[in-house]
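The values are calculated or read from the model by the stated rules, or taken from the named source; none is laboratory data. If you're wondering where the values come from, they're calculated on a predicted model, not measured in any experiment. Here the Cβ is made from the backbone with ideal geometry for all residues, glycine too, and neighbour counts use every protein chain on show.
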């Protein structure tokens, strides 16, 4: 597994950013997928899945296409884009910047209500996706 998809690099980031994931329910997941694997529909992904306590655990899993991923959010990009996240002191901000620049593409597999129910609201807002709108 290349550095941008290394669970040992991502786990400390997830552990530091617990405030973003406080509301995430057990079983909810984010998948990070290399563009080549996305295109072929097979390969490996890095998965962040909430355990029974709601803590995100980074692990490598097979990628068999979007329909089989069981992830709520899928981030797709080249290894270099995900590796760049670790170049500074704020990986989640760098992740957001990668999405804004188009180096990382974000897909959601649930509707707004489903994402909110799974607890992803704070995380998605940190990425600049304010799906709640201005009228809260």
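The condition (being within 22 Å of residue 130 (Cβ to Cβ) and within 12 Å of the chain's Cα centre (by Cα)) is satisfied by just one residue among 57, 76, 33: 76.
Note on the stretch 4-24: residues that are in a helix (DSSP H, G or I) and surrounded by fewer than 13 Cβ atoms within 10 Å (Cβ to Cβ) amount to 5. Residues that are part of a loop (DSSP other than H, G, I, E, B) and either under 14 Å from the mean Cα position of the chain (by Cα) or modelled with pLDDT of 90 or more (or both) were ranked within the stretch 112-136; the one that is surrounded by the fewest Cβ atoms within 10 Å (Cβ to Cβ) is 128. If you scan the stretch 25-37, which residues turn out to be touching a helix residue (DSSP H, G or I) at 6+ places or on another chain (Cβ under 9 Å) and either crowded, with 21+ Cβ neighbours inside 10 Å or within 17 Å of residue 11 (Cα to Cα) (or both)? 27, 28, 29, 30, 31, 32, 33, 34 - these are the residues of the stretch 25-37 that are touching a helix residue (DSSP H, G or I) at 6+ places or on another chain (Cβ under 9 Å) and either crowded, with 21+ Cβ neighbours inside 10 Å or within 17 Å of residue 11 (Cα to Cα) (or both).
For first residues located in the stretch 78-91 and without any contact (Cβ under 8 Å) to a residue 12 or more places away in the chain, partners that are buried (at least 17 other Cβ atoms within 10 Å of the Cβ) and part of a helix (DSSP H, G or I) and lie 6+ apart or on another chain with Cβ distances below 9 Å form the pairs 87/94; 88/94.
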